[in-house]
1. Name the one entry in Gly161, Gly94, Gly82 that is touching a Gly at 6+ places or on another chain (Cβ under 8 Å), loosely packed, with under 14 Cβ neighbours inside 10 Å and among the small types (Gly, Ala, Ser).
2. Can you tell me which residues in the stretch 126-144 are part of a helix (DSSP H, G or I) and touching a helix residue (DSSP H, G or I) at 6+ places or on another chain (Cβ under 9 Å)?
3. Select, from Glu45, Glu35, the only residue that is within 29 Å of Thr148 (Cα to Cα) and over 17 Å from the mean Cα position of the chain (by Cα).
4. Consider Val110 carefully, then state whether it is surrounded by 12 or more Cβ atoms within 10 Å (Cβ to Cβ), under 18 Å from the mean Cα position of the chain (by Cα), aliphatic (A, V, I, L, M) and not in a loop (DSSP other than H, G, I, E, B).
5. From the list Leu147, Leu158, Leu151, Leu78, pick out the single residue that is part of a loop (DSSP other than H, G, I, E, B) and within 19 Å of the chain's Cα centre (by Cα).
6. Please find, within the stretch 81-107, the residue that is farthest from Thr118 (Cα to Cα) out of those that are part of a helix (DSSP H, G or I) and of a type in the set (D, E, K, R).
7. Answer with yes or no whether Arg70 is outside any helix (DSSP H, G or I), charged (D, E, K, R) and farther than 22 Å from Asp39 by Cβ.
Amino acid sequence: MNATPQHDADLAARAANSRLVQDFGLLIRSATRLEQRIDSALRQECGISHTMLEVLIRLCRRPAEEVSQRQLADDLTLTSSGTTRLIDRMEDAGLVRRLASPGDRRVALVQPTAEGRTAFLRAAAVHSRVVEEYFVKPLAAEDYAHLTSALGQIDNALRDGGR
């Protein structure tokens with residue numbers, strides 16, 4: 001039996017409206033809207049983007065750790081060229097500096113500057129305020145704990161499944 005255009009349209013509509021498609025869409029829309037709120041607040045109040053804050057978080061997490069530009073690209077899921085451009089902008093803004101790795105001069109290490117650490121502290125407060133307002137406050141404490149636990153399980157499954 002050949003499918004009719006109407007039959008195909010009905011199947012496509014059913015697939016597009018499936019519970020899995022809708023639930024995943026809700027997750028992506030919520031994450032995207034939250035990221036946009038964070039980015040907007042950071043740009044307005046601190047003059048940096050959310051991605052720049054993510055770099056500073058990574059660099060400030062373990063102060064003595066040597067972090068290469070390649071590690072930043074991997075951690076932030078950015079392309080190598082995208083990371084280079086981002087670090088260029090951050091270096092121009094005085095937030096980070098590049099150093100040659102003592103073990104391999106081909107490797108560029110990235111460190112926060114004193115100005116970068118100050119900007120990070122200011123931006124971390126803005127980030128926390130927005131996350132609290134739009135990610136934590138809308139949920140009961142128990143629901144928030146369940147959500148973060150579930151997200152951790154999903155992240156672990158994706159990380160483990162990729163090996």
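1. That would be Gly94, the only listed residue that is touching a Gly at 6+ places or on another chain (Cβ under 8 Å), loosely packed, with under 14 Cβ neighbours inside 10 Å and among the small types (Gly, Ala, Ser).
2. Correct list: Val126, His127, Arg129, Val130, Val131, Glu133, Tyr134, Phe135, Val136, Tyr144.
3. Matching residue, one of Glu45, Glu35: Glu45.
4. The answer is no for Val110.
5. Leu78
6. Step by step, filter the stretch 81-107, then rank; the result is Arg85.
7. Criteria not met by Arg70.
Conditions tested, residue by residue: (1) at pLDDT 90 or above; (2) among the aliphatic types (A, V, I, L, M); (3) in contact with a Gly (Cβ under 9 Å, 6 or more places away or on another chain).
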position: Gln6; (1), (2), (3): no, no, no
position: Ala31; (1), (2), (3): yes, yes, no
position: Ile38; (1), (2), (3): yes, yes, no
position: Cys46; (1), (2), (3): yes, no, no
position: Leu59; (1), (2), (3): yes, yes, yes
position: Thr77; (1), (2), (3): no, no, no
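The values are calculated or read from the model by the stated rules, or taken from the named source; none is laboratory data. In this text, all values refer to a predicted model and were calculated from it rather than measured experimentally. All Cβ positions, even for glycine, are placed from backbone atoms using ideal geometry, and neighbour counts span all protein chains on display.
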